[in-house]
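**Student:** I'd like to ask you about the structure that follows.
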Amino acid sequence: MPDFTLPKTYDFKSTESRIYEMWEKSGYFKPKNDPNQPGFDPSIKTFVISIPPPNVTGELHLGHAMFVSMEDLMIRYHRMKGYATLWVPGSDHAGIATQLQVEKALAKEGTSREKIGREEFLKRTWQWNEKYGGIIYQQIRRLGASCDWERVRFTLDEGLSKSVREGFVRLYKKGLIYRGPRLINWSPGLKTAVSDLEVEYSQEPGTLYYFKYMVAGSQDEFIPVATTRPETILGDTAVCVHPEDDRYRKYIGQKVIVPILGREVPVIADAYVEREFGTGALKITPGHDQNDYEISQRHKLPMLSIMDESARINEHGGPYQGLDRFDCRKKIWEDMRSAGLVLKEEAYTLTVPRSQRGGEIIEPMISTQWFVHIQPLADAALEAVRDGRITIVPERFTKVYYNWLENIKDWCISRQLWWGHRVPVWYAPDGTMFCAHNEEEATQQARQQFGTDVHLEQDEDVLDTWFSSGLWPFSTLGWPDNTPDLGYFYPTAMMETGYDILFFWVARMIMMGLEFTGEVPFQTVYLHGLIRDEHGRKMSKSYGNVIDPLIVMDEMGTDALRFTLLVGSTPGNDMSLSVKKVESNRNFANKVWNAGRYVINAISQAPAQGNIDWSLADSWIWARLQTLVRDVERLFQNYQYGEAGRQIYEFFWNDFADWYVELAKLQLAEGGDRAYTTADTLIRVLDTSLRLLHPFTPYITEELWGYLKEAAPQGKEWGPALIVADWPMPLPEEDWETQKVADFSLMQEVVRVIRNLRAEKQVKPGQRTPAI
RNA sequence: GGGCGGGUAGCUCAGUCGGUUAGAGCACAUCCCUUACAAGGAUGGGGUCGCAGGUUCGAGUCCUGUUCCGCCCACCA
């Protein structure tokens with residue numbers, strides 16, 4: 001006779017690692033139907049998720065905990081429903097983030113990447129990777145993630161690098177990639193280009209400076225101009241007024257004199273100018289302002305760059321050469337004041353472009369970069385959502401997606417970093433470009449043109465990290481090779497991620513998926529919200545309100561954390577999280593444990609044989625359970641995972657533990673068929689509840705289920721583990737259910753009234769027994 | 001400037017078919033350490049669902065307007 005006296009409190013610490021190991025060793029994380037194995041059945045339906053790859057050297061935070069919990073829930077649900085489920089894990093090389101970390105470490109040693117050189121730097125970064133790269137995987141495991149660890153991928157792996165080169169070459173050959181000088185966002189600190197998405201605009205107090213643009217050939221005539229950035233005067237190529245502005249119309253076509261430098265530039269007319277703003281006259285700095293750049297293009301004005309890659313004034317800045325842009329701002333304004341060109345200053349709120357990473361002020365600059373001609377890709381990506389091949393949940397983000405793609409600009413994909421996929425283009429000495437999968441291929445091409453002695457140099461730039469992330473759903477399955485995995489598991493089913501990377505990542509995967517595979521990369525996009533603190537504030541280190549999921553798991557268990565994240569959120573909406581919430585769900589886990597403990601112990605002592613004879617309580621709990629199964633199924637179908645979890649919680653605690661288990665004690669005491677039926681009902685209800693709960697709280701349910709199956713009478717086929725047990729099948733509602741629920745509710749009402757009276761009259765327990 | 005989300009109990013939030021008396025957790029009050037669970041049990045207090053209209057037999061839920069908060073996008077120097 002086995003011992004079913006379980007500990008009084010659920011000991012998650014010893015349970016979690018043991019259970020996880022059991023799952024992994026038993027191969028439950030691998031798809032049950034594998035195209036690389038004998039006996040493969042292509043007719044079995046798949047459910048595949050590619051994990052949003054965390055930064056390889058990252059540390060687990062609540063955002064990770066959120067998506068891991070959510071995706072594991074989806075995977076476990078589908079696994080139990082019989083799908084061939086595959087969850088592909090992996091990590092991202094995270095170009096800028098990782099490079100910065102290594103550079104920081106180098107700085108501590110008193111050296112720098114420039115000093116040690118590219119090759120040595122990459123070596124160091126790979127070492128860094130080895131050292132810290134595995135940590136995030138261990139942390140994801142702790143969350144209970146049932147991904148197939150034998151299929152783990154890294155964006156800089158040989159396989160994925162091959163995908164990246166293939167993708168680049170294809171786009172290049174199709175004419176969708178080009179290189180050229182354009183006005184881009186430049187990060188002077190990192191000395192690299194960044195994409196539009198990597199720039200954030202913040203409102204900051206500043207000054208609007210009014211000054212005189214003297215008209216050439218005149219002593220005292222001037223056009224008053226206002227600017228927020230006086231240092232850019234050095235790069236002015238025109239002054240622009242509205243074509244119908246009577247104040248300035250007479251100057252159109254004339255020349256004005258650039259302050260300090262004395263260059264002559266034209267006065268041009270463009271309807272872009274707002275007559276009411278400032279002075280109604282706009283200075284044009286095409287080299288350092290997006291709008292001015294566009295106006296210059298329209299008017300065929302020359303480009304003029306006045307800053308170097310550190311945003312210091314260059315040789316075009318005359319006396320200011322070598323000054324930092326902000327020092328120059330002060331200096332030139334002082335000089336202009338001395339020269340009598342200053343009109344006035346006004347307090348003004350600036351819109352300052354700042355780097356999403358690090359927060360330094362971004363400088364728009366003319367620079368030669370690689371771009372993806374994005375319009376054709378965007379059109380296809382729009383169509384895939386419009387015609388329903390891809391569904392976005394919640395639906396409202398569809399509009400956000402359309403709006404972005406409809407106004408998209410070409411994507412700057414080159415970065416002046418070292419850590420990443422190097423642009424697969426080689427140059428002949430005369431600058432001729434050869435785009436190829438590798439140097440050998442490029443050399444072969446070059447030889448046809450330049451003979452055998454040709455020496456090629458590879459482009460120095462690496463690709464935006466999001467370029468490789470954009471290939472993720474299919475590169476991880478083997479693309480461009482036509483692997484069995486790609487054939488069977490692609491397109492994937494679900495892309496689950498935060499709404500904050502809808503543009504960065506989701507849209508790009510859709511564009512590249514359609515372009516390269518001709519198919520959508522996934523059928524559904526599920527966007528979860530961001531996690532905030534208990535007062536709805538962003539979690540940040542400077543606020544000191546960051547909750548560390550690892551500590552929470554240590555103190556209250558993984559199941560409690562998972563349940564909190566899953567049940568506390570609704571699709572697309574931010575959630576606030578507090579330790580108190582996790583505590584209350586830890587309490588729920590303990591409730592499940594103790595109810596399970598009672599049932600397991602009780603059934604091991606109840607009659608193992610008898611006839612079924614349902615009491616009102618038996619019928620009622622069964623009817624309630626069936627309703628629950630139906631509701632959970634409906635809610636899951638609609639991605640209402642949180643609501644489903646709440647309903648299971650309420651059923652388990654209120655209906656099952658508080659009412660049915662209490663009545664079951666009386667029924668078990670009766671013995672005979674009543675006791676047999678009660679035990680049978682206890683087993684069925686607990687079994688089904690554990691199954692429903694398993695995607696939310698996998699550890700405790702697996703542990704209890706193991707005991708339950710041992711304690712239950714022989715005869716039922718249980719299967720090896722809950723993780724691969726069948727999902728409860730919703731049954732159609734039967735006529736008797738409503739009546740039994742109503743009858744039982746009446747009884748509950750009567751009991752409550754009596755208890756209420758006893759409490760109000762302060763009747764001590766056992767003091768009086770009411771006659772009913 | 002455009003778009004989106006939110007405003008429901010003291011706090012954090014559910015409420016996705018328009019339908020009994022609007023729910024949960026935490027907090028609060030009273031009683032109870034009854035052999036599943038004190039991380040618990042029982043009972044209770046607490047809401048004009050932001051505001052104003054409208055549709056409807058019936059509105060937290062649908063429509064119009066309005067206000068406050070938050071977010072996203074955008075070229076006003």
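The values are calculated or read from the model by the stated rules, or taken from the named source; none is laboratory data. Please read all numbers here as calculations on a predicted model, not as lab measurements. Positions of Cβ are backbone-derived with ideal geometry, glycine not excepted, and every protein chain shown enters the neighbour counts. What goes into the accessible areas is simple: the full protein's heavy atoms, side chains included, and nothing from ligands, DNA or RNA. Shrake-Rupley method; radii C 1.70, N 1.55, O 1.52, S 1.80 Å.
**Student:** Where the centroid of each part is defined by its Cα atoms, how far is segment A:109-125 from segment A:264-292 in Å?
**Tutor:** The distance from the Cα centre of segment A:109-125 to that of segment A:264-292 comes to 44 Å.
**Student:** Oh, and also: Go through segment A:390-395 residue by residue and turn each phi into a ³J(HN,Hα) via Karplus (6.51, -1.76, 1.60, θ = phi - 60°); whole Hz please, and just put x for glycine and proline.
**Tutor:** 10, 10, 9, 10, x, 4
**Student:** So how compact is segment A:418-550: Cα radius of gyration and Dmax in angstrom?
**Tutor:** 21.2, 69
**Student:** Give the carbon-plus-sulfur fraction of the accessible surface of segment A:452-532 in %, rounded to a whole number; probe 1.4 Å, heavy atoms of protein chains only.
**Tutor:** Answer for segment A:452-532: carbon and sulfur cover 46 percent of the accessible area.
**Student:** Which entries in A:Lys538/A:Lys580; A:Lys30/A:Lys123; A:Lys115/A:Lys162; A:Lys25/A:Lys716 show an alpha-carbon gap greater than 28 Å?
**Tutor:** Beyond 28 Å: A:Lys30/A:Lys123; A:Lys115/A:Lys162.
**Student:** Mind checking which aspartates and glutamates have their C-alpha under 20 Å from A:Lys330, skipping anything on the same chain fewer than 8 residues away?
**Tutor:** Candidates past the 8-residue exclusion: A:Glu204, A:Glu231, A:Asp236, A:Asp289, A:Asp308, A:Glu315, A:Glu345, A:Glu346, A:Glu360, A:Glu363.
**Student:** May I pose another question? Hey, could you pull the Cα Rg and Dmax for chain A, both in Å?
**Tutor:** For chain A, the Cα-based Rg and Dmax read 33.6, 115 Å.
**Student:** Tell me the carbon and sulfur percent of the accessible area for segment A:255-299, rounded to whole percent, probe radius 1.4 Å.
**Tutor:** 47 percent
**Student:** Using DSSP to call loops (not H, G, I, E or B), can you name the chymotrypsin sites (Phe, Trp or Tyr not before Pro) in segment A:171-280 whose Cβ has at most 14 other Cβ atoms within 10 angstrom?
**Tutor:** A:Tyr272, A:Phe277
**Student:** Can you list residues whose amide H is under 5 Å from A:Arg263's amide H, if they're 5+ apart or on another chain and H is modeled 1.01 Å from N?
**Tutor:** Here the answer is A:Val258, since their amide H atoms fall under 5 Å of that of A:Arg263.
**Student:** With both partners inside chain A, how many of the DSSP beta bridges are antiparallel, as a percent to the nearest 5?
**Tutor:** Within chain A, antiparallel bridges account for around 70 percent of the total.
**Student:** For segment A:741-757, what does the Karplus curve 6.51 cos²θ - 1.76 cosθ + 1.60, with θ = phi - 60°, yield as ³J(HN,Hα) per residue in whole Hz, taken in order and with x for Gly and Pro?
**Tutor:** Residue by residue, segment A:741-757 yields 5, 5, 4, 5, 4, 4, 4, 4, 5, 4, 4, 5, 4, 5, 4, 4, 4 Hz.
**Student:** Accessible area per residue for segment A:278-387 in Å², computed with a 1.4 Å probe and the full protein assembly in place, what is it?
**Tutor:** 46 Å²
**Student:** In sequence order, what are the phi-derived ³J(HN,Hα) couplings for segment A:298-303 according to the Karplus relation 6.51 cos²θ - 1.76 cosθ + 1.60 with θ = phi - 60°, rounded to whole Hz, with x for glycine and proline?
**Tutor:** Per residue, the Karplus-derived 3J(HN,Hα) values read 4, 9, 6, 8, x, 8 Hz.
**Student:** Amide H to amide H, which residues 5 or more places from A:Trp614 or on other chains are under 5 Å from it, using H placed in the peptide plane?
**Tutor:** Placed amide hydrogens put nothing under 5 Å from A:Trp614.
**Student:** In segment A:328-427, what percent of the accessible surface is made up of carbon and sulfur (1.4 Å probe, ligands and nucleic acids excluded)?
**Tutor:** 50 percent
**Student:** How would segment A:1-75 be classified by its alpha-carbon gyration tensor: rounded, prolate or oblate, with rounded meaning a/c under 1.5 and the a/b versus b/c comparison settling the rest?
**Tutor:** Oblate shape, in that a/c is at least 1.5 and b/c is the bigger or equal ratio.
**Student:** Further, regarding this structure: Helix A:62-80 against the longest principal axis of chain A: what's the angle in degrees, Cα atoms only, rounded to the nearest 10?
**Tutor:** 50 degrees
**Student:** Moving to a separate point now. Starting from segment A:145-239, pick out the GluC sites (Glu not before Pro) whose DSSP state is loop and whose Cβ has at most 15 other Cβ atoms within 10 Å.
**Tutor:** Qualifying residues, ordered by number: A:Glu221.
**Student:** Enter the angle in degrees (range 0 to 90, nearest 10) between the Cα long axis of helix A:158-173 and the first principal axis of the Cα atoms of chain A, meaning the one along which they spread out most.
**Tutor:** For helix A:158-173, the angle is close to 50 degrees.
**Student:** Then there is this: Considering only protein heavy atoms, what is the solvent-accessible area of A:Trp87 at a probe of 1.4 Å, reported in Å² to the nearest 10?
**Tutor:** 0 Å²
**Student:** Could you do me a favour and compute the accessible area per residue for segment A:473-621, 1.4 Å probe, result in Å²?
**Tutor:** That works out to 36 Å² for each residue.
**Student:** Sticking with this one: Could you please put A:Tyr641, A:Tyr132 in sequence from largest to smallest accessible area, using a 1.4 Å probe?
**Tutor:** Highest to lowest solvent-accessible surface, that is A:Tyr132, A:Tyr641.
**Student:** Please list A:Met70, A:Met22 from largest to smallest accessible area, probe radius 1.4 Å, with all protein chains kept in place.
**Tutor:** A:Met22, A:Met70
**Student:** Long-range amide H contacts for A:Gln254: which residues qualify at under 5 Å (H placed 1.01 Å from N, peptide plane, sequence gap of 5 or more or a different chain)?
**Tutor:** A:Val267
**Student:** Using a 1.4 angstrom probe and counting only protein chains, how large is the accessible area of A:Arg537 in Å², to 10?
**Tutor:** Counting only protein heavy atoms, A:Arg537 exposes about 100 Å² to solvent.
**Student:** With a probe of 1.4 Å, find how much accessible area segment A:705-752 has per residue, and write the answer as a whole number in Å².
**Tutor:** Per residue, segment A:705-752 has an accessible area of 62 Å².
**Student:** Just to confirm my numbers, what's the Cα centroid distance between segment A:553-575 and segment A:395-437 in Å?
**Tutor:** Centre-to-centre (Cα) distance: 37 Å.
**Student:** On a 27 Å Cα-Cα criterion, which of the cross-link pairs A:Lys212/A:Lys331; A:Lys13/A:Lys81; A:Lys399/A:Lys541; A:Lys131/A:Lys409 come out too long?
**Tutor:** Table pairs above 27 Å Cα-Cα are A:Lys13/A:Lys81; A:Lys399/A:Lys541; A:Lys131/A:Lys409.
**Student:** So how tilted is helix A:558-567 from the main axis of chain A? Cα-based, degrees 0 to 90, rounded to 10.
**Tutor:** Once rounded, one gets 70 degrees.
**Student:** Heavy atoms only, 1.4 Å probe, whole protein assembly: order A:His61, A:His299 by accessible area, highest first.
**Tutor:** A:His61, A:His299
**Student:** Treating cross-link reach as a plain straight distance, find the aspartates and glutamates whose alpha-carbon is under 15 Å from the alpha-carbon of A:Lys665, omitting any fewer than eight places away in the same chain.
**Tutor:** Leaving aside aspartates and glutamates fewer than 8 places away in the same chain, those within reach of A:Lys665 are A:Asp618, A:Asp655, A:Asp673, A:Asp680.
**Student:** Let me ask something additional. If one computes the Cα centroid of segment A:592-629 and of segment A:688-721, what distance in Å separates the two points?
**Tutor:** Taking the Cα centre of each part, segment A:592-629 and segment A:688-721 sit 14 Å apart.
**Student:** If I model a spin label as a point 7 Å beyond the Cα along the Cα-Cβ vector, how far apart are those points for A:Gln297 and A:Ser310 in nm?
**Tutor:** My value for the distance between the label points is 3.2 nm.
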